[in-house]
Every structure is written in structure tokens, then in C-alpha cells.
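Colleague: Sharing a structure below in C-alpha cells format, with a few things to ask.
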Amino acid sequence: MLRPPSFEVATLPDMRHLLEQLYQGRTLQPFRSGQDIALHPNELWIVCRGVVQLGTFYDTGDEALLGLACSSMPFGLPMTLIRPYHAIALTDVDLMRLTWSEVEQSPMLAQGVLQHTVRRLRQTEAVLAMVGYRRVEDRLRHLLLLLKREVGQPMGNETRISVRLTHQQLANAIGTTRVTVTRLISQLREEGWLTIDSNRHFILPSISAA
């Protein structure tokens, strides 16, 4: 049974603090929820606040969710071979732009980027393992557990997933249809496996069985 790993974020360096030390006075660039983020061949973005959705488009025009860049995580074209590669602000975000040469010239920065890239790698492997489940319901459950690990906010005996994903985005991530996801979410609510708050955020028990 797949258990999304604990990413031990607390033990990793605070990338925002590190960037402030190295690049005092450099302005963070804000993006509103839903806004596309421009990507350039020799530049990285570091997430200082919020969550960025990473994806690609198939020839059919359908979108595939590749992952989420959360606080302190780097993303950008130098880190992927996938084209097209698409980044969009899933929440309001603050980002810092770095050139690849800046990373190469700073051992401290390179170490921080590496450690948070490992978080992205673990997340990607968890997504790949999740896709291997034959039952769509199992894939949805494990995706929600992964989101709980990555962007969950503890609330007593429950955990609130801090980002709002549409049913279509969830369907793209697990290789099914929006109608199927809508049906399965209704089923999970009836089972008491999850609830949805007034702002349409998913809420899972602190201990959720897959």
C-alpha cells in the first residue's frame, strides 16, 4: 500500500531566508491565482510564498498535472526536458527569479536548490507510483493524501488542503474524466473520508486510510 512520504520540510533550509541573505534588496515578483508564469531557458523561479501548478499539454489539447511547486521549491526550464512546460499560480504567489549561473556560482544557494529539488523528486515519484493503481478511486485517494502531505494545514483532528483544485485538474492528474472524479468525491464524502468547507477546500482526517 502506497503511503506518500513525509518530506521533512522542517529539517531543510528556509530558501526564502537564504535568498534574502544572498540577494538583499531584490524584489520578489507576485503573481495572482490563475496567472501564467513566464519560463525562460536559463532561469529558475523559487517559490517564496504560495503554490505553483506545473503541467504540460498533450497533442489533443488536454492538460496533464506534473506536480506542485510549494514553498522554497525551485522550478523552471533548466530542470525539465518536457515541452511544452507550463507553470501557473495555483494560489497567489511570490517568486524570486534566479539565473542558472547565479546558482552555479553560489555553493550555499546550489545546496539549497538541490535539497528542495529532492522534495520535488520525491513528489514526482509518488505521483508516478500513484498512477500505477488500476482503480481510479485508489489513484484519487492517494493524490489527495499526497496533497495533504505537501500543502496540508493541520486543524485539530483534521487537515485542510490549502489549495483548491478543480475536478478537471484532479482528473488530469490521475488519468480519468471530470465526471468520474465528481462521482468519486461524492462517494468519499458519503463515506466520511473527506469533507469540503465553505471555500471548497478538501478536509481530511489527520489519520486517513488509503
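Any read-out appearing in this document is the output of simple, stated calculations on the displayed coordinates, not a laboratory observation. Only a predicted model underlies this, so the values are computations on that prediction, with no experimental measurement involved. Cβ coordinates were reconstructed from backbone atoms using ideal geometry, including for glycine residues, and neighbour counts include every protein chain displayed.
Colleague: For the ranges 123-131, 136-144, what's the packing order if you count other beta-carbon atoms within 10 Å of each residue, average per peptide, and put the highest first? The partial results should precede the final answer.
Modeller: Working: 123-131: 15.9, 136-144: 20.6.
Peptide ranking by packing, descending: 136-144, 123-131.
Colleague: Still on this structure, I have one more. Describe numerically, in nm with one decimal, the distance between label points set 7 Å from Cα along Cα→Cβ at Asp59 and at Thr99.
Modeller: 3.8 nm
Colleague: Right, something else. Which percent of the Cα-Cα distances in the chain go past 28 Å?
Modeller: Every Cα pair in the chain considered, those over 28 Å come to 28 percent.
Colleague: Let me ask something else. Taking the Cα-to-Cβ direction at Arg189 and at His40 and moving 7 Å from each Cα, how far apart do the two end points lie in nm?
Modeller: 4.5 nm
Colleague: What FRET efficiency would be calculated for the residue pair Ser206, Thr177, taking the C-beta separation as r and a Förster radius of 22 Å, to the nearest 0.05?
Modeller: Working: r = 31 Å, r/R0 = 1.39.
Efficiency, from the Cβ-Cβ distance: 0.10.
Colleague: Add -39500 (n - 2.57) for each DSSP H run of 4 or more in the chain, then divide by its residues: what number comes out at 222 nm, to the nearest 500 deg cm²/dmol?
Modeller: Using -39500 (n - 2.57) per qualifying helix, the result is -11500 deg cm²/dmol.
Colleague: Among 56-62, 33-39, 183-189, what's the highest-first ranking by average C-beta atoms within 10 angstrom per residue?
Modeller: 183-189, 33-39, 56-62
Colleague: Could you compute how fast region 135-205 diffuses translationally, taking Rh as the Kirkwood radius over C-alpha pairs and applying Stokes-Einstein at 10 °C with viscosity 1.306 mPa s? Give it in µm² per second.
Modeller: 131 µm²/s
Colleague: May I ask you to order 160-172, 65-77 by the average number of other C-beta atoms within 10 Å around their residues, highest value first?
Modeller: For the peptides 160-172, 65-77, the packing ranking is 65-77, 160-172.
Colleague: Continuing with this model, one more query. If contacts are Cα pairs under 8 angstrom and at least 6 residues apart, what is the relative contact order of region 135-205 in percent? Provide the component values of the computation, followed by the final result.
Modeller: Details: 71 pairs, mean separation 22.4, N = 71.
Reported relative contact order: 32 percent.
Colleague: Please give the length that would be gained between Gln111 and His167 if that part of the chain were fully extended, namely 0.36 nm times their separation in residues minus their C-alpha to C-alpha distance (nm, one decimal).
Modeller: 16.5 nm
Colleague: Between Met79 and Val118, with labels modelled 7 Å along Cα→Cβ, what's the label distance in nm to one decimal, could you check?
Modeller: For the pair Met79/Val118, the computed spacing is 1.5 nm.
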